[in-house]
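Single-structure report; data block below.
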């Protein structure tokens with residue numbers, strides 16, 4: 001059995017980028033008019049709009065990376081990396097699996113906290129659905145189940 005990787009990431013922030021592009025364009029016009037006409041009351045808002053736009057882009061990229069979840073399935077264990085944290089468990093440690101909306105919970109033996117796989121795109125995410133099928137197959141194989 002080979003290693004499989006699944007990346008659950010948010011949708012592309014195209015809308016945010018478009019809004020920032022328009023806002024930065026307005027800021028650049030205000031800045032240009034302020035400099036050309038020598039009006040400081042146009043320069044300051046122009047600079048502020050452009051800085052806020054740049055901050056929004058940075059926040060969007062950072063948040064997108066933070067909510068991305070990577071799941072690696074290999075022969076004997078599952079590893080989940082999300083928000084800079086990594087958790088893993090052997091297949092034999094997983095007692096049962098439950099799902100609630102866009103989240104899959106892998107409940108473990110011995111009162112250990114469950115592993116959580118969260119999809120930022122929601123329950124309809126095709127990658128989450130593929131991952132669900134792969135989890136079922138890996139757990140079945142670990143327990144010796146097979147099709148009749």
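Beyond 13 Å, what percent of the Cα pairs of region 83-122 remain? I get 54 percent for the Cα pairs in region 83-122 exceeding 13 Å. Taking the chain as a Gaussian network of alpha-carbon nodes connected by springs under 10 Å, the highest mean-square fluctuation of the residues 39, 116, 70 belongs to 39. For the chain, averaging the sequence separation of C-alpha pairs within contact (under 8 Å, six or more residues apart) and dividing by the residue count gives a relative contact order of 22 percent. Build a GNM of the chain with springs between Cα atoms under 10 Å apart, and of 64, 55, 38 the one that fluctuates most is 38. Axis of helix 14-37 versus longest Cα principal axis of the chain: the two differ by about 20°, to the nearest ten degrees.
For the chain, the convex hull drawn through the C-alpha positions has a volume of 131 cubic angstrom per residue. Relative contact order of region 67-147, taken over Cα pairs closer than 8 Å and 6 or more residues apart, is 21 percent. For region 69-143, what percent of Cα pairs sit more than 13 Å apart? Here the tail beyond 13 Å accounts for 64 percent of pairs. Ordered from longest to shortest, the equivalent ellipsoid semi-axes for region 32-107 are 51, 11, 7 Å, each the square root of 5 times a Cα gyration tensor eigenvalue. Our summary gives region 4-71 a relative contact order of 48 percent, counting only alpha carbon pairs under 8 angstrom and 6 or more residues apart. Working value for region 12-66: equivalent-ellipsoid semi-axes of 27, 10, 5 Å, each the square root of 5 times a Cα gyration tensor eigenvalue, largest first. With everything on Cα atoms, drop me the angle between helix 40-66 and the longest principal axis of the chain, reported from 0 to 90° to the nearest 10. Helix 40-66 sits roughly 10 degrees off the main axis of the chain.
The angle separating the long axis of helix 126-143 from the principal Cα axis of greatest extent in the chain is about 20 degrees.
Since every read-out is calculated from the coordinates, none of them should be taken as a lab result. These figures come from a predicted structure and were not determined experimentally.
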